[in-house]
Structures are given as structure tokens and as C-alpha cells.
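Step one of this worksheet: look at the structure below.
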Amino acid sequence: RWDSATSRAKRQGGNGRRGSDMEAGAGLSRCDLASVGPIPSCNTLKLLPFGKSRRQKILVGDGLGNITCLQAKRGETQTVFKAKVGEEGGAITSLALHDGTSGDKFYAAQGRNVHGVNKKGRAFCCIKTSLSETIQ
């Protein structure tokens, strides 16, 4: 059982880790690829399908109302665009792709509104709903 092995290793003066991974010198370190604002919701990170450039694109919606598109290839990260959606600057609560497979258009929910953004970061529509609660 892992719990008993961890407590036994701590009693014997170890750090509580099992196996020989720490003895062999293998360790983990932090590597920041990009810096975005706080992320308040779980549905605000989307992977876009590969395009012609064969670079993986990532969409991130943050708590400041920004949508950031990043692209990565071979460990190198670049910002494709950073778009501010909405007037009031509320948090992005959800991101969705247009048809689930193409990365041309996507939609961001912010409060009670839905904003449509194209792949270059320009807003092409804003749908104001009459809902009483925010869109999750």
C-alpha cells in the first residue's frame, strides 16, 4: 500500500517518495512557457487543430477578459494574438470551437454574452442573451 510505504519512508528519515527515481538523480523543475491572467473556470483552455504550418495552437481565456492564442513547436512558444473581448472586461467562463474541428472561428462566453472571434483575434459577433445567470 502506498500510504504505509510513504509513512514508513518518512519514519526512516526519507522524503516519503517511493522507488529509486530520486536516488538516480531524476527530478522535475518548473518551466514557464507563457504568462496569462488568472483562470477562473475549467472550460477556458482549448487546443486548436493543426493548420498548414503544423504548429499546435492553444487558446486560453483568462479572468481579465482576454483571449490569448499561443503556438508551440519543438518547445518554442509564441503569442499569435491577444484579444480583449467585451466592454465590461469580465472573466471568460467558457471557450468553444465553431464546429469542433476547424480552428477558423471560436466563441467565448463572458457573463451573459457570447463573443465570436476569428483566428486572427478580431471579434465578428456579439450575442447578448436574456439569461439571468452567467454562462458556464
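The values are calculated or read from the model by the stated rules, or taken from the named source; none is laboratory data. Predicted model, so just to flag it, every value in this text is computed and none were measured. No Cβ is skipped: glycine too gets one built from the backbone with ideal geometry, and neighbour counts run over all protein chains shown. For the accessible areas, the whole protein counts, side chains as well, though only heavy atoms, and no ligand, DNA or RNA atoms are used. Shrake-Rupley method; radii C 1.70, N 1.55, O 1.52, S 1.80 Å.
Along the positive direction of the dipole of the stretch 28-136 (beta-carbon charges: Lys, Arg +1; Asp, Glu -1; about the Cα centre), which of V60, Q110, F50 reaches farthest?
Result: F50.
List the lysines whose Cα lies under 30 Å from the Cα of K105, skipping any in the same chain that are fewer than 8 positions away.
Correct list for K105: K46, K52, K57, K73, K82, K84, K119, K120, K128.
Report the extension gain between A96 and T79 in nm, rounded to one decimal, defined as 0.36 nm multiplied by the number of residues separating them, less their alpha carbon distance.
Going from the current span to full extension adds 4.2 nm.
Using a 1.4 Å probe on the protein heavy atoms only, what accessible surface does K128 show? Give it in Å² to the nearest 10.
K128 has an accessible surface of roughly 150 Å² with all protein chains in place.
Under the classification rounded if a/c is under 1.5, otherwise prolate if a/b is larger than b/c and oblate if not, where does the stretch 35-136 fall, given a ≥ b ≥ c as square roots of the Cα gyration tensor eigenvalues?
prolate
Could you check the simple spin-label distance between L64 and E133, using points 7 Å along Cα→Cβ, in nm with one decimal?
Modelled inter-label distance: 2.9 nm.
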